[in-house]
Amino acid sequence: MTTRSSRPIGYMLKRYPRLSETFILNEMRALERLGTELAVFSLLRPEETLSHPAVQELRAPVTYLPPTWLAKAAAVAKGHAAMAAAAPLRYAHALALALGWAVRSGHPLAVGKQFLRAGYMALACRRQGIGHLHAHFANAPATVARLVSVMCDIPYSFTTHAKDLYLTPQRVLRRRIGTARFVLTCTRHNLEYLQSFLPAQDWPKVHLVYHGIDLAAFAAPEGAARNGLAAAAAAGGGCEGGCGCPESTAPLLLSVGRLVPKKGLDDLVAACALLKARGVRFRCAIVGAGPLRGELQAQIAALGLEGTVSLLGAMAHDRLIALYRQASVFALSPRVMEDGDRDGIPNVLAEAMASGLPVVSTRVSGIPELVEDGHTGLLVEPQDPAALAHAVQSLLADPKTRQHLAAAARRKMEDSFECWQTTRAVQSLLLAGAGA
């Protein structure tokens, strides 16, 4: 099969770029390097001042709605008028779909917003000659992609990840998967969940493709990627300064994630309090931004951990890669929320493992597919700070086990999570969908 479509592939995203979505950026960069022409359609403009340097490598044009309400209203009206004039029957079909969804969903304004966006994006896709449209996330981006596919008469597909999968009603997912050319998901746990309610005839549409990592970006210095430890970790930690971590001579326990409840960072802070009470020498750095920063800072203060645990805020990817190399252990403690929201396989776990770091995490969703307990890392039950503290302490005290786990983790990344391997599977499906 050719690796190039005669027409560009469109990527429909909710917001681009985003620091927390390196997996999408990695996929698009790899597709371009494999010869696929892309165009990006972002429903929202970026809200972060930081961005990954790799964003500059993407050649694909990016389409946004205009920034002001007046310009946005004019552009949306123009898009809908143009699509209605160019293909009135297809436009009427899309309008009927949106009206039906609005009535059944109980959230008519949300559906109306996606329909308005779809008219603008459909005109942009038509002008750019898009041959296939792929959305990341099964909620708003997939909704807009479906409507655009109807207006433009092009196939569409989508990738479903975690929150978008478990918080979208099953009847809606059945409908969207039924009309999509194919669907990707990033964990076997997700695949089995989808198969639990999809009709059997739609099972072949759903494909498991793990998020790939560009392993070249995470090569540990002096060949340490092969033996599983970055130089600092092999020496028991030791930051070179400038990262904002407390007690810069103590071994570094690193965690990375948005400061939101499902990440379970309050459990990590509680585990740090237990480690300190036991006299374990360490420092903990948590990288990420989010609404729980104030609560976590208050918890750190209440537990007397101001000199031990630090919240470093959001961080560009090049700085984060350097911090991985300074750490001794990586810990992440996600949980399943009451509404079903959860992580899939957090990308930062894969990055830490690719960096030659031993990892500790929780048995949630697809994490055991990546972190095999006792082989490529250690797993504990969610919301169990004592178990988390015990696992971290055992690794800090045992350099040989750290080295063994980190080496096995790196091998697993090379075998199953290398971005060129995973992206070729995505590319094959996209080109088939575009008729290449």
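Name every residue in the stretch 393-416 that is more than 25 Å from the chain's Cα centre (by Cα) and closer than 22 Å to residue 343 by Cβ, in order of residue number.
Residue satisfying the conditions is 395 alone.
Quickly run through the stretch 316-344 and pick out the residues that are out of contact with any Phe, Trp or Tyr (no Cβ under 7 Å at 6 or more places or on another chain), in a loop (DSSP other than H, G, I, E, B) and touching a residue at least 24 places away in the same chain (Cβ under 8 Å).
Within the stretch 316-344, 316, 327, 328, 332, 333, 334, 335, 336, 337, 339, 343, 344 qualify.
If you go through the stretch 78-128 one residue at a time, how many are buried (at least 18 other Cβ atoms within 10 Å of the Cβ) and in contact with an Asp or Glu (Cβ under 9 Å, 6 or more places away or on another chain)?
Within the stretch 78-128, residues that are buried (at least 18 other Cβ atoms within 10 Å of the Cβ) and in contact with an Asp or Glu (Cβ under 9 Å, 6 or more places away or on another chain) number 1.
Check the stretch 140-154 and report whether any residue there is under 14 Å from residue 13 (Cα atoms) and surrounded by fewer than 22 Cβ atoms within 10 Å (Cβ to Cβ).
The answer is yes, given that some residue of the stretch 140-154 is under 14 Å from residue 13 (Cα atoms) and surrounded by fewer than 22 Cβ atoms within 10 Å (Cβ to Cβ).
Which members of the stretch 167-181 meet the condition of being surrounded by fewer than 19 Cβ atoms within 10 Å (Cβ to Cβ) and of a type outside the set (D, E, K, R)?
167, 168, 169, 170, 172, 178, 179
Looking only at the stretch 391-401, decide whether some residue is in contact with a Cys (Cβ under 9 Å, 6 or more places away or on another chain), under 27 Å from residue 269 (Cα atoms) and of a type in the set (Val, Ile, Thr).
Checking the stretch 391-401: at least one residue is in contact with a Cys (Cβ under 9 Å, 6 or more places away or on another chain), under 27 Å from residue 269 (Cα atoms) and of a type in the set (Val, Ile, Thr).
Return the residues of the stretch 356-373 that are within 18 Å of the chain's Cα centre (by Cα) and either among the acidic types (Asp, Glu) or part of a helix (DSSP H, G or I) (or both); say none if nothing qualifies.
Answer for the stretch 356-373, where residues must be within 18 Å of the chain's Cα centre (by Cα) and either among the acidic types (Asp, Glu) or part of a helix (DSSP H, G or I) (or both): 367, 368, 369, 370.
For residues that are touching a His at 6+ places or on another chain (Cβ under 9 Å), outside any helix (DSSP H, G or I) and not β-branched (Val, Ile, Thr), scanning just the stretch 182-210, find the one that is surrounded by the fewest Cβ atoms within 10 Å (Cβ to Cβ).
182
Residue 142: out of contact with any helix residue (DSSP H, G or I) (no Cβ under 7 Å at 6 or more places or on another chain) and assigned to a helix (DSSP H, G or I), yes or no?
For residue 142, the condition - out of contact with any helix residue (DSSP H, G or I) (no Cβ under 7 Å at 6 or more places or on another chain) and assigned to a helix (DSSP H, G or I) - is not met.
Identify the residue in the stretch 35-77 that is loosely packed, with under 13 Cβ neighbours inside 10 Å and within 18 Å of residue 140 (Cα to Cα) and, among all such residues, is modelled with the highest pLDDT.
It comes out as 45.
With respect to residue 112, determine if the residue is in contact with a helix residue (DSSP H, G or I) (Cβ under 6 Å, 6 or more places away or on another chain) and part of a helix (DSSP H, G or I).
Answer is no for this residue.
Out of 273, 301, 250, report the one residue that is part of a loop (DSSP other than H, G, I, E, B), in the same structural domain as residue 389 (by TED's automatic domain parsing), of a type outside the set (Phe, Trp, Tyr) and over 20 Å from the mean Cα position of the chain (by Cα).
250
Spot the failing condition for residue 307; the list is (1) surrounded by fewer than 24 Cβ atoms within 10 Å (Cβ to Cβ); (2) in contact with a Ser or Thr (Cβ under 7 Å, 6 or more places away or on another chain); (3) part of a loop (DSSP other than H, G, I, E, B), and only one is missed.
Exception for residue 307: condition (2).
Is there any pair linking a residue in the stretch 286-315 that is at negative phi and in contact (Cβ under 8 Å) with a residue 12 or more places away in the chain to one that is among the hydrophobic types (A, V, I, L, M, F, W, C) and surrounded by fewer than 16 Cβ atoms within 10 Å (Cβ to Cβ), with Cβ under 6 Å and at least six apart or on different chains, and which?
314/50
Could you pull out the residue among 283, 325, 293 that is of a type in the set (D, E, K, R), under 24 Å from residue 396 (Cβ atoms) and at pLDDT 95 or above?
Among 283, 325, 293, only 283 is of a type in the set (D, E, K, R), under 24 Å from residue 396 (Cβ atoms) and at pLDDT 95 or above.
Answer yes or no: is there a residue in the stretch 276-287 that is of a type in the set (Gly, Ala, Ser) and in contact with a His (Cβ under 9 Å, 6 or more places away or on another chain).
Checked against the condition, which is being of a type in the set (Gly, Ala, Ser) and in contact with a His (Cβ under 9 Å, 6 or more places away or on another chain), the stretch 276-287 yields no hits at all.
The values are calculated or read from the model by the stated rules, or taken from the named source; none is laboratory data. Fair warning: this is a prediction, and the values are worked out from it, not measured in the lab. Virtual Cβ from ideal backbone geometry, glycine too; neighbours counted across all protein chains shown.
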